[in-house]
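To start, the structure under review is shown below, and the notes come after it.
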Amino acid sequence: MLSLKLPRLLSINQVPKGYQEQGILFGYRPPRSSAADCLLSVFQMTNETLNIWTHFVPAWWVPCPGSSAPVGGGGGSLQWDAHPLPPHRYFVWTLVGQLQGPGGQDDPHAWPLLAYLLTCCIYPLASSCAHTFSTMSTRTRHICYFFDYAALSMYSLGSALAYSAYIFPAEWLNSTFHHCYVSIAVLNTVVSTSLSCYSRFLEVEQPRLSKAARTLAFVYPYLFDSIPLFYRFYLCMAESCTEAAILLHYKHTLCAFLTCFIFASHLPERLAPGHFDYIGHSHQVFHVCGIIGTHFQMEAIMMDMAEHQDQRLPTSLLPSSLQTLGAMAIGVATNLAVIGLCSVSLHFMPEPLQR
């Protein structure tokens, strides 16, 4: 009979410093595991197991009771359906549904949404893969997380494309800032990936600087992307607006700030080391808050797209499919170049000894 032997788990004192996590004392997988061992560990309770599943599952499934669904309207445009969705929403299947629905790829107004939905699918899947295979070797660990960071940076670009098309306040449309917004977002994507990847070279010798650099790498693009949204919040507070999507944007923003706080603070395991090694440590909560925030953001963007047909960009100002694909292609190409450069630089880093 075929039997599978699960990898032996280690304590924090048995793994190299680069594998150690603050406040996590047990449940570490052996460094230099094989790919098969990494895959088997997905079904074993380690301190990484829920990190993997909290991003893999929501890429395909996320609960959204009582929400409404955009459906195809005349001329390929989207309209809001009063009928509630089933009690589950899928990032991947939402993208597939938009591609196969009325209008779909033929509607130029839908291309920023499609680009955004694609990045919503990619970043949790990249994160799951990074957490799964991060114990194969130190260099593999770094490269896995390089791709993880690049996927997050591309998600910020996807958000910027959607915000540019559907979220911008009417008085900012066709302004200089609006014209430059996506171009700056592309640049931010490159800077974000570069800084976050570079932070991995600092984490053993300068862990605090590494953490600060990595946090800044993702906070700055989010704050820039959200400038038009923050202005809408200001208008709503000043004029008591009744836009239905604003509440969802508020929820997304709250989740975003909570996600940042949890990532930076290492709570709760920092206060009770060893008590949250397997369930409830900050990285798991960070994943859950991030996914919930993405869900609220997706719902808000689709609601804005459907409910503000009269306020959306004129056809002459809509980003064409070529412009949307161009921004995404530049982002992908430059991120791959950054990953390649950082991966080559790893050869100059010594492989830490296994304890």
Per-region count, segment 171-185, residues crowded, with 20+ Cβ neighbours inside 10 Å and not aromatic (Phe, Trp, Tyr): 2
Flag for residue 94 being modelled with pLDDT under 90 and either charged (D, E, K, R) or open to solvent by less than 20 Å² (accessible area, probe 1.4 Å) (or both): yes
Residue ID - farthest from residue 24 (Cα to Cα), chosen from residues in segment 246-276 that are surrounded by fewer than 17 Cβ atoms within 10 Å (Cβ to Cβ) and hydroxyl-bearing (Ser, Thr, Tyr): 250
Residue within segment 103-121 that is in contact (Cβ under 8 Å) with a residue 24 or more places away in the chain, in contact with a strand residue (DSSP E or B) (Cβ under 8 Å, 6 or more places away or on another chain) and hydrophobic (A, V, I, L, M, F, W, C) present: yes
Meets criteria (among the charged types (D, E, K, R) and at pLDDT 95 or above) for residue 269: yes
Every residue from segment 308-355 that is in a loop (DSSP other than H, G, I, E, B), farther than 19 Å from residue 149 by Cβ, modelled with pLDDT of 65 or more and aliphatic (A, V, I, L, M): 318
Only listed residue being at pLDDT below 90, in a loop (DSSP other than H, G, I, E, B), more than 24 Å from the chain's Cα centre (by Cα) and surrounded by 15 or more Cβ atoms within 10 Å (Cβ to Cβ), chosen from 7, 30: 7
Filter result (within 14 Å of residue 343 (Cα to Cα), open to solvent by 10 Å² or more (accessible area, probe 1.4 Å) and part of a helix (DSSP H, G or I)) within segment 119-149: 138, 139, 140, 141, 142, 143, 144, 145, 147, 148, 149
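The values are calculated or read from the model by the stated rules, or taken from the named source; none is laboratory data. These numbers come from a predicted model, not from an experiment. Here Cβ is always computed from backbone atoms with ideal geometry, including for glycine, and neighbour counts include all displayed protein chains. We work out accessible area using only protein heavy atoms, side chains counted, and drop any ligands, DNA or RNA first. Shrake-Rupley method; radii C 1.70, N 1.55, O 1.52, S 1.80 Å.
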